[in-house]
Amino acid sequence: MTGITRGLPGRKTRHIRDAVLRHSPISKAGLSERLFAFVFSGLVYPQIWEDPEVDMQAMALTAESRIVTIGSGGCNVLSYLTRAPARIDVVDLNRAHIALNKLKLASVAHLPSQSDFFRFFAGTHQSHNSLAYHQFVAPHLDAQSRAYWEGRGLNGRKRVTIFDRNFYRSGLLGLFISAGHLAARLHGVNPAEIMQTRSMREQRHFFDEQLAPLFDKPLIRLLTRSKASLFGLGIPPAQYEELAAADAEMRVTNVLRTRLEKLTCQFPLENNYFAWQAFARHYPEPDEGSLPPYLQAQHHAPLRENAGRVFVHHQSFTALLADKPASSVDRYVLLDAQDWMSDAQLNALWTEICRTAAPGARVIFRTAGEPSILPGRLLPVLLDQWNYNEAASAEGYASDRSAIYGGFHVYERKGA
């Protein structure tokens, strides 16, 4: 999911945080916004939770495609690069995400082999990864990214050493998943045991018997009533309301149970690396299950060859587009950033999308609730320039293995 760190037009994260802390009203809502701004100033997403296979199918990428996307954890960016598009511009307002995207690009280009790259970004307890960073990667990073990875976290260790242990247990999302496991264990359930199942029927049984009852526990219901409880999923206070609205009773626990059911029961575990991260807390080995496209061995050579086609920008989506010529972008990936934008921000963004969109351009995004948020909020003069592809949107939602979102949406520029 996304929040302040990934899509707000116009200011860098620290400026947003400071502005929120200065100007939010002293109220329950204001305190929630302040807390959200503060916790989102560091690393949030060690792994992005949008399925890049779904994205690439919906975008219909070609060798001529010019993409602008929000970066987040960078898994999507490198996965798109496996299709060798002409150019990818990556934007993010979070300096940790910028550093992570640049680290991945430098690593794919300069680590000696695909196995080294795989160990760095998919391995656990690989004590030599930080040594490989210093020897092969650091000399090719910009000063700001090196300062981030070689700086020290709250535990006093250099941040890059997290790759010596288990990177995916770090960041706000990693902590949230750890907290979910702890809450389940306190109720006598070990979510990791689902990895012992051997069929979708057994996965369904595990969900029905072990996981689903957790959402009826008083402690779980109490915790999820707080908007802050879902910050680790990247759900800001405004998006929390969208999530709750997906349930007839406005109960977030009911929505979370439905989303977890999709993650647990709709796809075989060996085909869903998102489930591996949620339950096993790591990626499978290549012979155990599916991997993100950028970690698959057959894609490493083209990734290395085309890494120079990716350009990472520490600025907002709207600001980047404002600097681009008219009709210069073919594909836009907004993740779920629009869920919490104001009408003014939304219309400013789409004004630039309409100006820069080439004939045949496509925009894809996700929403916490089921429907697209554009009708009724986007000015008709902007929305009328686009067709909503219902079939591709429905197919994308059904195929999305991450299972977090309520809707997937594809818009196509009219007159292609």
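The values are calculated or read from the model by the stated rules, or taken from the named source; none is laboratory data. Here the structure is a predicted model, which is why all the values come from computation and not from measurement. Ideal geometry is used to build each Cβ from the backbone, glycine not excepted, and the neighbour counts take in all protein chains shown. The accessibility values were calculated without ligands, DNA or RNA, using every heavy atom of the protein model including side chains. Shrake-Rupley method; radii C 1.70, N 1.55, O 1.52, S 1.80 Å.
For the stretch 248-280, a residue qualifies if it is out of contact with any helix residue (DSSP H, G or I) (no Cβ under 8 Å at 6 or more places or on another chain), more than 18 Å from M195 (Cβ to Cβ) and assigned to a helix (DSSP H, G or I), and the qualifying residues are T258, R259.
With respect to the conditions (1) part of a strand (DSSP E or B); (2) open to solvent by less than 30 Å² (accessible area, probe 1.4 Å), G289 falls short on a single one, namely (1).
So is I235 under 24 Å from Y168 (Cβ atoms) and at pLDDT below 90 or not? Against the criterion (under 24 Å from Y168 (Cβ atoms) and at pLDDT below 90), I235 qualifies. Across the stretch 141-157, the qualifying residues are those that are modelled with pLDDT of 95 or more and small (G, A, S), and the one among them that is farthest from H313 (Cα to Cα) is G151.
Pairing residues of the stretch 176-191 that are open to solvent by less than 60 Å² (accessible area, probe 1.4 Å) with residues that are of a type in the set (S, T, N, Q) and not in a loop (DSSP other than H, G, I, E, B), at Cβ distances under 6 Å and at least 6 apart in sequence or on separate chains, gives V189/Q210. Kindly indicate the residue of the stretch 328-338 that is of a type outside the set (K, R) and open to solvent by 10 Å² or more (accessible area, probe 1.4 Å) and also nearest to the chain's Cα centre (by Cα) among those meeting that condition. So, considering only residues that are of a type outside the set (K, R) and open to solvent by 10 Å² or more (accessible area, probe 1.4 Å), the one nearest to the chain's Cα centre (by Cα) is D330. The residues of the stretch 80-91 that are part of a strand (DSSP E or B) and either open to solvent by 10 Å² or more (accessible area, probe 1.4 Å) or over 23 Å from A322 (Cα atoms) (or both) amount to a single one, R87. Does G74 count as surrounded by fewer than 18 Cβ atoms within 10 Å (Cβ to Cβ) and either within 27 Å of S402 (Cβ to Cβ) or touching a Lys or Arg at 6+ places or on another chain (Cβ under 6 Å) (or both)? Here the answer is no, as G74 does not meet what is asked.
Residue count for the stretch 92-102 under the criterion of being out of contact with any Gly (no Cβ under 8 Å at 6 or more places or on another chain) and either open to solvent by 10 Å² or more (accessible area, probe 1.4 Å) or within 17 Å of T82 (Cα to Cα) (or both): the result is 2. Look at the stretch 205-222: where a residue is more than 14 Å from R259 (Cα to Cα) and a partner is in a helix (DSSP H, G or I) and open to solvent by 40 Å² or more (accessible area, probe 1.4 Å), sitting 6+ places away or on another chain with Cβ atoms under 8 Å, you get F206/E193; Q210/E193; L219/L186. Comparison of V77, V54 shows that the only residue that is at pLDDT 90 or above, within 20 Å of H97 (Cβ to Cβ) and assigned to a helix (DSSP H, G or I) is V77.
In the stretch 381-416, how many residues are under 22 Å from C354 (Cα atoms) and either at pLDDT below 95 or open to solvent by less than 30 Å² (accessible area, probe 1.4 Å) (or both)?
First, pick out the residues of the stretch 381-416 that are under 22 Å from C354 (Cα atoms): 381-390, 392-393, 408-416.
Keeping just the survivors that are either at pLDDT below 95 or open to solvent by less than 30 Å² (accessible area, probe 1.4 Å) (or both) gives 382, 386, 392-393, 408-411, 415-416.
Qualifying residue count, the stretch 381-416: 10.
Assess whether R198 counts as being without any contact (Cβ under 8 Å) to a residue 40 or more places away in the chain, open to solvent by 70 Å² or more (accessible area, probe 1.4 Å) and closer than 22 Å to F274 by Cα. Judged against the criteria, R198 is a match.
Checking the conditions here, which among P325, P359, P302, P371 is open to solvent by 30 Å² or more (accessible area, probe 1.4 Å) and out of contact with any Ser or Thr (no Cβ under 9 Å at 6 or more places or on another chain)? Let's see the steps before the verdict.
Working: P325 fails: out of contact with any Ser or Thr (no Cβ under 9 Å at 6 or more places or on another chain); P359 fails: out of contact with any Ser or Thr (no Cβ under 9 Å at 6 or more places or on another chain); P302 fails: out of contact with any Ser or Thr (no Cβ under 9 Å at 6 or more places or on another chain).
Being open to solvent by 30 Å² or more (accessible area, probe 1.4 Å) and out of contact with any Ser or Thr (no Cβ under 9 Å at 6 or more places or on another chain) holds for just one of P325, P359, P302, P371, which is P371.
Evaluating Y294 against the criteria (1) within 17 Å of the chain's Cα centre (by Cα); (2) in a helix (DSSP H, G or I); (3) surrounded by fewer than 21 Cβ atoms within 10 Å (Cβ to Cβ) leaves one unmet condition, (3).
Scanning the stretch 264-289 for residues that are within 18 Å of the chain's Cα centre (by Cα) and either without any contact (Cβ under 8 Å) to a residue 60 or more places away in the chain or closer than 21 Å to G171 by Cα (or both) yields Y273, F274, A275, W276, Q277, A278, F279, R281, H282, Y283.
Checking every residue in the stretch 92-102 against the condition of being under 13 Å from L303 (Cα atoms) and touching a Phe, Trp or Tyr at 6+ places or on another chain (Cβ under 7 Å) gives zero matches. In the set (1) at pLDDT 90 or above; (2) more than 19 Å from L173 (Cβ to Cβ); (3) in contact with a Ser or Thr (Cβ under 7 Å, 6 or more places away or on another chain); (4) not acidic (D, E), the condition left unmet by L256 is number (2).
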